[in-house]
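Engineer: Below: one structure in structure tokens.
The values are calculated or read from the model by the stated rules, or taken from the named source; none is laboratory data. What you are looking at is a predicted structure, and each value in this text was computed from that prediction instead of being measured. When we count neighbours, we look across all protein chains shown, and the Cβ atoms used for this are built from the backbone with ideal geometry, even at glycine.
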Amino acid sequence: MALLVGLALLLSHVPARGDQALFELRIICPDTYDFRMDYTEMIVDEFAAVGISVTLDFVPMDEVTERCFGSDGKLHKDDGFDVAFFGWRISKATDPRFMYVDGDTIYNIFHSDNSASNVEGDNCMSWENAGNDNLIDKIREEKDEAKLKEYWMQWQELFHDEQPIAPIFHTYVEVEEEECWIYEHISFNLNHPVLKKKLVRQALSHLVPRQKICNLHNRTEKNQRPDTLTSAEPCAVPVNPDHFAFNEDINPYQYDPDLAKELLFRAGYKVKTKKHENAESLLQQAENAFSAFEFQEALDLANQAKLLYEELGDTESLSNVTGAVIPLYQKAIGAETLLNEGTSLKDRGEYETAKQKLLEAKQTFEECGLTQKVSETELLISEIDEILRKQSIIQEADSLFEQGKEAFEKENYEAALDFFQRAKELYASVGSEKAAECDEWIEKTQTEMEKPCLGTIFLAVLIGAGFLVSRRRFR
């Protein structure tokens, strides 16, 4: 059937985040009610703000009716609809007890038997849900009021979770002395590949600024008809508050763009949420802490970001944090622990063990790309190497010194002098005070070496005596 398009008003086509939109929706709204047209534009702007490409057409009511109820559940591109804004006006006189929504009414509008995909029924959303059908059937058949009320309560909970339509607000109006209930809502065509996802419908419902719309209504519409119109209030279900089984525990979806983005992300769309922004901020803080060598703080911040990604179900970002960032920070903490242990061992004089710890720390810092920490560790290792070198020299010098003393005791002064002189050179090379002690022993040894030997004196005496005896014989 040819549809009326001449009066359609193309309002906006807004790409999201650059040139790529999350998805595209065509929205229709009757051009018969100025206030509805105003708040529709308001909501469409909210859709576009999160990255949805939106086209809004204001069209005659008969076109809305034809597209929604006469197209066998087809999408807008096939002369059906994707999203439609409209409302109901129901006389209280129709059924004072149920105020429009009785079992037959919700059967006609929400039961799978009347899905537009199957017949030209009033379930233009094509909402086909076994749990919904079961509850509606029970509501139509149950005679016990207590059980009936319980079924109504359960049905409202299911409806609220599924959001085949997004209730906006309701109010009462008196028309020709007849009290009517006005109910405004958004209908979703669940045959649409995007709108069949419950998370998307919930997200769109969280983008509806219900209280803002009601405030606008109450400042404008009510002022025009103060005697015939009550204040508009946000609503959560297509059941009047006067209904005997109205579920007071169900609240309207709160306007929450951040939550809407989270739901869209969980539905599989690449949208940046507030939690993403917070996680990125935490990771930046973690990187700064890491650069400042505050490794535990960096790890704590990264773990906070990890929790946000877990809440979002962002497996890609979560994989990066758990597979790369957190292990890096943990490795740096391990290296810092080794560095501290090595430093402590060095201070206690356990140089070999300290060096082993520091070598492990250096290797780990290198793996982490922490060049400054590598240099710091290398300096400590060099200090230990120098200490060990001096210890080795002193050990050798001590051995020579002891050998010198042993030679001295045996009056082997030449050997003792050699040992003491070699020991002195080694002590002096490392700045040891024992070099001065070596000088004392060298001087002592040299003194002993300068004294005449008793054996030499005795030999000289013998030679002298023999000489005198010889001279007497030759006289």
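Engineer: Working only within the stretch 114-133, note down all residues that are over 14 Å from Glu162 (Cα atoms) and either outside any loop (DSSP other than H, G, I, E, B) or touching a Ser or Thr at 6+ places or on another chain (Cβ under 8 Å) (or both).
Structural biologist: Asn114, Ser115, Ala116, Ser117, Asn118, Gly121, Asn123, Cys124
Engineer: Moving to a separate point now. Return the residues of the stretch 9-42 that are at pLDDT below 50 and either touching a Pro at 6+ places or on another chain (Cβ under 9 Å) or of a type in the set (S, T, N, Q) (or both); say none if nothing qualifies.
Structural biologist: Across the stretch 9-42, the qualifying residue is only Ser12.
Engineer: Can you name the residue in the stretch 81-107 that is modelled with pLDDT of 90 or more and of a type outside the set (Val, Ile, Thr) and, of all such residues, is nearest to the chain's Cα centre (by Cα)?
Structural biologist: Asp82
Engineer: Could you tell me whether any residue of the stretch 177-185 is part of a helix (DSSP H, G or I) and closer than 23 Å to Leu263 by Cα?
Structural biologist: no
Engineer: Right, another one. Identify, from the list Glu411, Glu437, the residue that is modelled with pLDDT of 90 or more, outside any helix (DSSP H, G or I), over 60 Å from the mean Cα position of the chain (by Cα) and of a type in the set (D, E, K, R).
Structural biologist: Criteria check complete, one pass: Glu411.
Engineer: Continuing with this model, one more query. Looking at Val271, is it β-branched (Val, Ile, Thr) and not assigned by TED's automatic domain parsing to the domain that holds Cys180?
Structural biologist: Here the answer is yes, as Val271 does meet what is asked.
Engineer: Among the listed residues Tyr255, Tyr183, which satisfies the condition of being touching a residue at least 24 places away in the same chain (Cβ under 8 Å), in contact with a Gly (Cβ under 8 Å, 6 or more places away or on another chain) and over 30 Å from Thr337 (Cα atoms)?
Structural biologist: Tyr183
Engineer: Something else about it: Hey, could you check the stretch 21-57 for residues that are among the β-branched types (Val, Ile, Thr) and free of Cβ contacts under 8 Å to residues at least 40 places away in the same chain and say which is surrounded by the fewest Cβ atoms within 10 Å (Cβ to Cβ)?
Structural biologist: Thr32
Engineer: Also, I was wondering about something else. If the requirement is being within 18 Å of the chain's Cα centre (by Cα) and under 25 Å from Glu128 (Cα atoms), which of these qualifies: Leu264, Leu259, Leu207?
Structural biologist: Selected residue: Leu264, the only one of Leu264, Leu259, Leu207 that is within 18 Å of the chain's Cα centre (by Cα) and under 25 Å from Glu128 (Cα atoms).
Engineer: Here is a follow-up. Among the residues in the stretch 378-399, are any among the β-branched types (Val, Ile, Thr), free of Cβ contacts under 8 Å to residues at least 24 places away in the same chain and within 21 Å of Phe295 (Cβ to Cβ)?
Structural biologist: no
Engineer: When you scan the stretch 27-38, how many residues do you find that are within 19 Å of Cys68 (Cβ to Cβ), not in a strand (DSSP E or B) and not polar (S, T, N, Q)?
Structural biologist: Residues in the stretch 27-38 being within 19 Å of Cys68 (Cβ to Cβ), not in a strand (DSSP E or B) and not polar (S, T, N, Q): 4 in total.
Engineer: Starting from the stretch 272-288, keep only residues that are at pLDDT below 95, then list their pairs with residues that are charged (D, E, K, R) whose Cβ atoms are within a distance under 6 Å, requiring at least 6 positions of separation or different chains.
Structural biologist: Qualifying pairs under 6 Å: Thr273/Lys261; Thr273/Glu262; Lys274/Asp258.
Engineer: Then there's this: Tell me, please, whether a residue that is touching a residue at least 12 places away in the same chain (Cβ under 8 Å), under 27 Å from Phe23 (Cα atoms) and in contact with a helix residue (DSSP H, G or I) (Cβ under 8 Å, 6 or more places away or on another chain) can be found in the stretch 211-219.
Structural biologist: Yes, because at least one residue in the stretch 211-219 is touching a residue at least 12 places away in the same chain (Cβ under 8 Å), under 27 Å from Phe23 (Cα atoms) and in contact with a helix residue (DSSP H, G or I) (Cβ under 8 Å, 6 or more places away or on another chain).
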